[in-house]
Amino acid sequence: MKVFSLASGSKGNAYCVESQGVLLLIDCGLSCRELIHRLGSAGYDAESIAAVVFTHDHSDHIAGVESFHRRYPMVELNATMITAEAIAQRSGLTIEDFYTFEIGQEFATGPFLLESFGVPHDAADPVGYVVRADGCTYFHGTDIGTPLESIGRQLSRADVAVLESNHDPVMVCNSPRPESTKRRILGARGHLANDECAQLVRRFASQKLKHLFLAHLSQQCNTPELAEKAARSALAEIGRSDVALEILLQDKPSSVFCGVMQPQIV
Ligand SMILES: [Zn+2]
Ligand SMILES: [Zn+2]
C-alpha cells in the first residue's frame, strides 16, 4: 500500500491510497485539471483511479467531482446515501451517479476493503475511513469537531494515518474572522485543534503506527511548526518518536508513504 496527499486544507482536499497499481481517491476537492496535474507530479495518471470515496459534502472536498465524473465516468463514486444526495444537490450529478453504503458497513472496491465511521462535523453525514490493502491498514480522519473515543479506536488500528490538526485555538480567537466563524471552527462539530489531534495520538496510536500525516491545517489559524510540535510531544510521551511525521500542505503533494507488505501466510 502507498498513501499520499495531493492537497490538504480548506481550499481543497484530495488524498490517494495505492495498491497493486490501482488508486483510491479520498475526496475530490481540486479541479479536475489540477488533480491530473498533481497526480502526474506524484508519478501517476488519472486512469489508475478505480474509485473515489467522499468524507462529506463541503465544497473543499467535492469541488472537482462533477468535471471529474464527466471526464472519467467509469470511476466509481462512493458515499453514504445522505452525502450522495447532498453532493448531487450541490453539483450537476444525480444520486444514480453514486454507489452508496451504510456507515460502518464494510465494502470492497478494487483491491481495497473500506469501512467508514461517523465523525462530528457540520456537514450532512460526515465520515472517516479505515482502508485495508496488502496487509496494511490506513486511517483517514479530517473535518472532526471532537476527538471522540470512537474515532480513536479506529486510529488505533492504523499502520499509517492522516489525521486533522486544523488550528491553534488562541490563533482562532485572535484572528480577524467573524465571531460566528470562530464559534463554528472551535465548536463540537467544527475542526480538530492541534492539542485535540495530539490527544488522540497520545491515547490511541498503537505500536503498529509507522507514519502520521497531519492534515487540513488552517492557513490563517495554525502553523506547521505548532501542529508538528503538538504531535511530536504526544508521540514522545508514548515512546513513539520513531513514527515518521509529515505536515500535509495545501499547495503541493506530499511524499509517498510505502507500507511494508506482509508475507502471505501459507
Ligand atoms: Zn474540509
Ligand atoms: Zn468540512
### Among (1) within 21 Å of Ala79 (Cβ to Cβ); (2) more than 16 Å from ligand 1 (Cβ to nearest atom); (3) aromatic (Phe, Trp, Tyr), the one test that Tyr44 misses
(1)
### Query
What are the pairs, 6+ residues apart or on separate chains, where a residue within region 150-161 that is in contact (Cβ under 8 Å) with a residue 40 or more places away in the chain and of a type in the set (A, V, I, L, M, F, W, C) has its Cβ under 6 Å from a residue that is open to solvent by 10 Å² or more (accessible area, probe 1.4 Å) and in a helix (DSSP H, G or I)?
Leu155/Phe204
### Summary
Met81 meets each of (1) surrounded by fewer than 24 Cβ atoms within 10 Å (Cβ to Cβ); (2) more than 23 Å from Phe117 (Cβ to Cβ); (3) in contact with a helix residue (DSSP H, G or I) (Cβ under 9 Å, 6 or more places away or on another chain) with one exception, condition (2)
### Summary
Scanning region 47-71 for residues that are within 12 Å of ligand 2 (Cβ to nearest atom), open to solvent by less than 20 Å² (accessible area, probe 1.4 Å) and not in a helix (DSSP H, G or I), the one nearest to Thr100 (Cα to Cα) turns out to be Phe54
#### Entry: Those residues of region 27-37 which are outside any loop (DSSP other than H, G, I, E, B) and open to solvent by 10 Å² or more (accessible area, probe 1.4 Å), in sequence order
Cys32, Arg33, Glu34, Ile36, His37
### Query
Out of the residues in region 201-225 that are in contact with a helix residue (DSSP H, G or I) (Cβ under 6 Å, 6 or more places away or on another chain) and under 23 Å from Ser255 (Cα atoms), which is most open to solvent (accessible area, probe 1.4 Å)?
Leu217
### Query
Failed condition for Asp251, given (1) more than 26 Å from Ser10 (Cα to Cα); (2) of a type in the set (D, E, K, R); (3) open to solvent by 70 Å² or more (accessible area, probe 1.4 Å), with all others met?
(1)
### Message
I'd like the full set of residues that are within 16 Å of ligand 1 (Cβ to nearest atom) and in a helix (DSSP H, G or I), limited to region 72-90.
### Response
Thr83, Ala86, Ile87, Arg90
### Test result for Ala236, open to solvent by less than 10 Å² (accessible area, probe 1.4 Å) and in a helix (DSSP H, G or I)
no
## Note on the structure
Scanning region 143-160 residue by residue, those within 16 Å of ligand 2 (Cβ to nearest atom), open to solvent by less than 10 Å² (accessible area, probe 1.4 Å) and in a loop (DSSP other than H, G, I, E, B) turn out to be Asp143, Ile144, Gly145
### Query
Do any residues in region 9-26 that are away from ligand 1 (no atom under 16 Å from the Cβ) and open to solvent by 10 Å² or more (accessible area, probe 1.4 Å) have Cβ atoms under 8 Å from those of residues that are of a type in the set (Ser, Thr, Tyr) and assigned to a loop (DSSP other than H, G, I, E, B), where the two are at least six apart or on different chains, and which pairs are they?
Glu18/Tyr44
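The values are calculated or read from the model by the stated rules, or taken from the named source; none is laboratory data. Keep in mind that what you see is a predicted model, and the values were worked out from it rather than measured. Virtual Cβ from ideal backbone geometry, glycine too; neighbours counted across all protein chains shown. The area values use the complete protein model at the heavy-atom level, side chains included, leaving out ligands, DNA and RNA. Shrake-Rupley method; radii C 1.70, N 1.55, O 1.52, S 1.80 Å.
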